Amino acid sequence: MFLSKPGEYEPCGIFNIKHLILFLITTTCIALAVKNTKAESREDIRKIIRNSTIIVWVLEILKIIFVISIGRGKELNKIVPLYYCSLLLYSGILSSFCKGKLQRVGDVFLATGGVVAGIVFIVFPTTSLPEYPMFHFISLHSFFFHGTMIYLGIIINKFKYIELKLSDLKYYAALIFIICLAAYIVNTNFGSNLMFISQDFPGTPISAVYQFTGMFFTPVMCLTQMTLPFLIVYFVLKSKEKYGIKV
């Protein structure tokens, strides 16, 4: 079952007891990890980001190898890491191994968009649980991956690794724009739906956006992803500071 093909076993599904169990396991692990994280310097946090980045890259490569091994290598939506959540892979590299503005780009995404993306996925895991059993490699990988996004975002903000500013929106938006542009080029040439910006995604809230925006779907999706997650986290953090609530 752990490495079965889609259809060999009944998929986990979403919004049921199995999904709830995975959600609770993930949130508990995140809480324990945050509680037990000790960081006496900025370098300690950077080491955590670097080690986490290496781990998620290894797991992502293993996931791609698995998908190809079961004969789905031609499905670009399954193997090309050009989704919003895939930005953990790239922002992790920027944050861990770069300096200056490039490092800032990675830090800003991890502190903002990564948290939002992680939370949205564990609540609405439409890209794994509808196809695979609860304890399948893909299911567990997806919850670990997105749980890592949430964890890194929390500790970055908890330990004040960066002082988030509204002007950081330009770094965040630039990263999303580059990924959207790359995804759009691939989608146009190969009929994929990377970053969910080119086609409808039935059964998800994206479908409502698709129906409402019509011909403006692609720019609306791009602009939304380039701004909204950052602004949500930024204003939540500022509200916490205003009322003296510790992150």
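Values in this text are rule-based calculations from the coordinates and carry no lab data. Predicted, not measured: the structure shown is a model, and the values here were computed from it. For neighbour counting, all protein chains shown are included, and Cβ atoms are generated from backbone atoms with ideal geometry for every residue, glycine included.
Starting from the 7 Å offset along Cα-to-Cβ, what nm value, one decimal, do you get for the label separation of C29 and I61?
2.1 nm
Using a simple charge model, +1 on the beta-carbon of Lys and Arg, -1 on the beta-carbon of Asp and Glu, nothing else, what dipole does the chain show about its Cα centre, in debye to the nearest 20?
My answer is approximately 780 debye.
For the stretch 125-174, place one equal point scatterer on every Cα, skip the solvent, and apply the Debye formula. What is log10 of I(q)/I(0) at q = 0.18, 0.23, 0.24, 0.32 Å⁻¹?
-0.71, -0.83, -0.85, -1.11
I'd like the Kirkwood hydrodynamic radius of the stretch 25-149, using the inverse of the mean 1/r over distinct C-alpha pairs, in Å. Present the calculation step by step, with values, prior to reporting the outcome.
On the way: mean 1/r = 0.0651 Å⁻¹.
Over the stretch 25-149, the inverse of the mean reciprocal pair distance is 15.4 Å.
Run a plain Debye calculation on the stretch 69-203 (Cα atoms as equal point scatterers, no solvent) and give log10 I(q)/I(0) at q = 0.10, 0.18 Å⁻¹, rounded to two decimals, same order as the q list.
Evaluating at q = 0.10, 0.18 Å⁻¹ gives log10 I(q)/I(0) of -0.36, -1.08.
HN-Hα J couplings of the stretch 80-93 from phi, Karplus 6.51/-1.76/1.60, θ = phi - 60°, integer Hz, Gly and Pro as x?
Result, ordered by residue: 8, x, 10, 10, 4, 5, 5, 5, 4, 4, 7, 5, x, 5 Hz.
Using a simple charge model, +1 on the beta-carbon of Lys and Arg, -1 on the beta-carbon of Asp and Glu, nothing else, what dipole does the stretch 102-247 show about its Cα centre, in debye to the nearest 20?
600 debye
Using only the Cα atoms of the stretch 139-247, what do you get for the radius of gyration and for Dmax, in Å?
Gyration radius and largest Cα-Cα distance of the stretch 139-247: 16.6, 51 Å.
Using just the helices of the chain, give the 222 nm mean residue ellipticity in deg cm²/dmol: DSSP H runs with n ≥ 4 each add -39,500 (n - 2.57), and the total is spread over all residues, rounded to 500. Don't skip to the end; give the middle numbers.
Values: 10 runs with 165 residues, N = 247.
The per-residue figure over the chain is -22500 deg cm²/dmol.
³J(HN,Hα) across the stretch 143-159 via Karplus (A = 6.51, B = -1.76, C = 1.60, θ = phi - 60°), whole Hz, x for Gly/Pro?
Calculated HN-Hα couplings, in order: 6, 5, 4, 6, x, 5, 4, 5, 4, 5, x, 5, 5, 4, 6, 4, 8 Hz.
For the stretch 5-18, take each phi angle, set θ = phi - 60°, evaluate the Karplus expression 6.51 cos²θ - 1.76 cosθ + 1.60, and give the result in whole Hz per residue in order, putting x for glycine and proline.
Residue by residue, the stretch 5-18 yields 7, x, x, 6, 10, 5, x, 5, x, 10, 6, 9, 5, 5 Hz.
So what does the Cα-only Debye profile of the stretch 14-79 read at q = 0.14, 0.17, 0.22 Å⁻¹, as log10 I(q)/I(0), no solvent term?
Debye curve over Cα of the stretch 14-79, log10 I(q)/I(0) at q = 0.14, 0.17, 0.22 Å⁻¹: -0.71, -0.89, -0.98.
Work out, step by step, the length gained on full extension between K47 and K74: first 0.36 nm times the residue separation, then minus their alpha carbon distance; give nm to one decimal.
Here the answer is 6.1 nm.
Stretch E40-L3 to full length: gain in nm at 0.36 nm per residue minus the Cα-Cα span?
9.3 nm
Find the Rg to Rh ratio for the chain, where Rh is the Kirkwood radius over alpha-carbon pairs and Rg uses the same atoms. All intermediate terms of the calculation are to be shown ahead of the outcome.
Values: Rg = 18.0 Å, Rh = 18.8 Å.
Checking Rg against Rh, the ratio lands at 0.96.
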